[in-house]
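J.: The following block contains the structure, expressed as structure tokens.
The values are calculated or read from the model by the stated rules, or taken from the named source; none is laboratory data. These numbers come from a predicted model, not from an experiment. Please note: Cβ atoms are built from the backbone with ideal geometry, for glycine as well, and neighbour counts cover all protein chains shown. All accessible areas refer to the heavy atoms of the entire protein, side chains included, with ligands and DNA or RNA removed. Shrake-Rupley method; radii C 1.70, N 1.55, O 1.52, S 1.80 Å.
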Amino acid sequence: MITVITFNPSIDRLYKLDKFEIGSVQRANFVNPTAGGKGLNVAKVLKKLGEDVNCIGFLGGFNGKYIKSELDKIGIKNNFTQIKEESRICLNIIDSNNKSTEILESGPNITKEEIDEFENYLSEVLEETEILVASGSLAKGLPKDYYLRIGNLCRQKNIKFILDSSGESLKLGINSKPYLIKPNIDELENLSKVKIKNVDDIINISRSILLKGVENVCVSMGKDGMVLVNKDFVYKVEIPNIKIVNPVGSGDSSIAGFSLGTLKGYDLKDTLKLSNACGMSNAMHISTGDVNLEDINKFIDEIKVYEYVCNV
Ligand code: ADP
């Protein structure tokens, strides 16, 4: 089964405004609170695709209760470790041109006892996990190399570890040799400290990451699709033009598609098609982690995956 870790879940509140102006009173004509956090977006999309997942991590306070109730409502199995502090709220403000401004709280602090409790449960849950997806930032109080530790546990137990994070936690987590990392261009530039100009740059940087033992480096490029690099192949994914509504959560949705394709034993090309189709479908919806199965099937037929010949 697929287990999804979200250390720092949130209530995501989406406000639709005609015009977003700093320093004046704003009236929202649409508000949509949902259970959010990158891992929960992954879980929601997997649920839509018909796959049962187990969501783990930390939840606390009234916000935590709300998040749990939202997951229960849509039938997503969740076994979060309860914490004393309040889970966070994040805002996404979208104007009439679909321009998005996000305000993200840093979230609660996790105590040593809460970490111990989580780890006891994690060792139990890993016994029935084939793929472990870890998405998003680490919560305060967790060691900076926590994804490295979790990745090492997965390696010992032959579990495929998919790590979708950024910054220091991604950099350290890579040393556990994850099955997949999925940076976007900004995250890859941040990781490599190289300004990316073209696909060849992406491939070169990805190859240097493979040397650290990562099995697949999948770089998502928004409307330009994806590039996947592993020791045998470089695949480039080309996607059709679509009318987007809200691309927040597209990366998480593409992780959901990738995990499901992997779990079902699809070959890499089909896995990439499913992954991109999920990202695209999410971008067409106002809510994050929301996809439509008919659109996904249509996109799968339209997406092209081909082996890329590197010019350098
Ligand atoms: P992230 O959310 O991590 O930044 P991306 O924005 O690259 O990730 O999106 C992940 C995937 O979702 C892309 O590879 C693509 O398949 C799809 N996607 C995202 N934005 C768009 C868009 N504007 N048009 C079409 N597809 C998109």
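J.: How far is it, in nm, from the label point at ASN190 to the one at GLU124 when both lie 7 Å from their Cα along the line to the Cβ?
T.: With each label placed 7 Å out from Cα toward Cβ, I get 3.4 nm.
J.: How many angstrom lie between the Cα centre of the stretch 121-178 and the Cα centre of the stretch 205-236?
T.: 19
J.: Which peptide among 229-239, 132-142, 297-307, 210-220 comes first, and what is the full order, when sorted by highest mean count of other Cβ atoms within 10 Å?
T.: Going from most to least packed, we get 132-142, 210-220, 229-239, 297-307.
J.: Of all the accessible heavy-atom surface of the chain, with the other protein chains kept in place and a 1.4 Å probe, what percent is carbon and sulfur?
T.: Reported share for carbon and sulfur atoms: 50 percent.
J.: Using the structure shown, select from LYS171/LYS269; LYS19/LYS140; LYS48/LYS112; LYS19/LYS73; LYS73/LYS212; LYS171/LYS243 the pairs with a Cα to Cα distance greater than 30 angstrom.
T.: Over 30 Å apart, Cα to Cα: LYS19/LYS140; LYS48/LYS112; LYS19/LYS73; LYS73/LYS212; LYS171/LYS243.
J.: I need the per residue convex hull volume for the stretch 110-242, using only the alpha carbons, in cubic angstrom as a whole number.
T.: It comes to 123 Å³ per residue, whole-number rounded.
J.: Rounded to a whole number, what is D in µm²/s for the chain from Stokes-Einstein with the Kirkwood radius over alpha-carbon pairs (25 °C, 0.890 mPa s)?
T.: Answer from the Stokes-Einstein relation: 125 µm²/s.
J.: Sorted from largest to smallest, which semi-axis lengths in Å does the alpha carbon gyration tensor of the stretch 147-203 give for its equivalent ellipsoid, taking the root of 5 times each eigenvalue?
T.: 24, 11, 7
J.: Related question: With a probe of 1.4 Å, find how much accessible area the chain has per residue, and write the answer as a whole number in Å².
T.: Using a 1.4 Å probe on heavy atoms only, each residue of the chain averages 46 Å².
J.: Oh, and also: Any idea what log10 I(q)/I(0) is at q = 0.22, 0.23, 0.27 Å⁻¹ for the stretch 240-303, Debye with uniform C-alpha scatterers and no solvent?
T.: Scattering profile of the stretch 240-303, log10 relative to I(0): -0.78, -0.85, -1.10.
J.: Can you tell me what percent of all Cα-Cα pairs in the stretch 94-168 are more than 17 Å apart?
T.: Tail fraction, whole percent: 56.
J.: Placing unit charges on C-beta atoms (Lys and Arg positive, Asp and Glu negative, everything else neutral), compute the dipole magnitude of the stretch 86-133 about its Cα centre in debye, rounded to 20.
T.: Here the size comes out at about 520 debye.
J.: Order these peptides, 100-111, 144-155, by their mean beta-carbon neighbour count within 10 angstrom, highest first.
T.: Result, highest mean first: 144-155, 100-111.
J.: In whole Å, what are the extents of the stretch 1-91 along the principal axes defined by its C-alpha atoms, from largest to smallest?
T.: Per principal axis, max minus min of the Cα coordinates gives 48, 33, 18 Å.
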